[in-house]
Each structure stands twice: as C-alpha cells, then as structure tokens.
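Have a look at the structure below, then the notes.
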Amino acid sequence: MNKKSGMFEIHDAVLLFGLAGLFGNFLSIPLFLIVLGRTLFASAAPCIVLLCLKQRLAANSKKDLSIVVPIGNILAIH
C-alpha cells in the first residue's frame, strides 16, 4: 500500500462514518431497531466471511484467550 491509496482509504472511512449519522437522522424507525440491525450485521458479516473462506476462529493459547475475552466484554458493554 502506498501513501496515496492509504489516504483514499482514510477518506473513504471518514465518509462512511459520517454518513452513518446522517442516515440515522433520516430513518423513522426506533433507535433500538437501528442498533439491533447494526449489531446483527456486525456479527453476521465476519461469520459469513469465515464460512466462505472455510476458516475456523479459535484462540491459540490461554494467553490469547485471556486477552480476547476481556476485549469482547468491553465491546459488549459498549
């Protein structure tokens, strides 16, 4: 990746994150359903990718697990 393509990726990410708030304002459904939909998509997308790539997601050691579980809990609370 060169510097120019990296800048395009950053600008694309900023655009997408900015548009998410705008679309949220224009939707007339309850916030709970918006958050639920985003959560379902965010959990289903990686699962679909892993299934398509026929890869398994597992911690390699107890040390990895001791890092992943607290991070997952923080994300779940957030």
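Could we say that PHE26 is aromatic (Phe, Trp, Tyr), at pLDDT 85 or above and over 15 Å from the mean Cα position of the chain (by Cα) here? No.
Which condition from (1) loosely packed, with under 10 Cβ neighbours inside 10 Å; (2) farther than 23 Å from GLY72 by Cβ is the one that GLU9 breaks? All conditions pass for GLU9, except number (1).
Considering every residue within the stretch 51-59, establish whether at least one is of a type outside the set (D, E, K, R), in a helix (DSSP H, G or I) and touching a Leu at 6+ places or on another chain (Cβ under 7 Å). No, the stretch 51-59 has no match at all. Scoring LEU31 on the criteria (1) modelled with pLDDT of 85 or more; (2) closer than 21 Å to ALA76 by Cα leaves a single failure, condition (1).
Each row is one residue, and each column tells you yes or no for (1) in a helix (DSSP H, G or I); (2) exposed (fewer than 10 other Cβ atoms within 10 Å of the Cβ); (3) in contact with a Ser or Thr (Cβ under 8 Å, 6 or more places away or on another chain); (4) aliphatic (A, V, I, L, M).
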site: LYS4; (1), (2), (3), (4): yes, yes, no, no
site: VAL14; (1), (2), (3), (4): yes, no, no, yes
site: PHE17; (1), (2), (3), (4): yes, yes, no, no
site: CYS47; (1), (2), (3), (4): yes, no, no, no
site: ILE67; (1), (2), (3), (4): yes, no, no, yes
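Kindly indicate whether LEU53 is more than 13 Å from the chain's Cα centre (by Cα) and without any contact (Cβ under 8 Å) to a residue 60 or more places away in the chain. Answer is yes for this residue.
The values are calculated or read from the model by the stated rules, or taken from the named source; none is laboratory data. Note that the coordinates shown come from a computational prediction; the quantities given were computed from them, not determined experimentally. With ideal geometry, Cβ positions are generated from the backbone for all residues, glycine too; neighbour counts draw on all protein chains shown.
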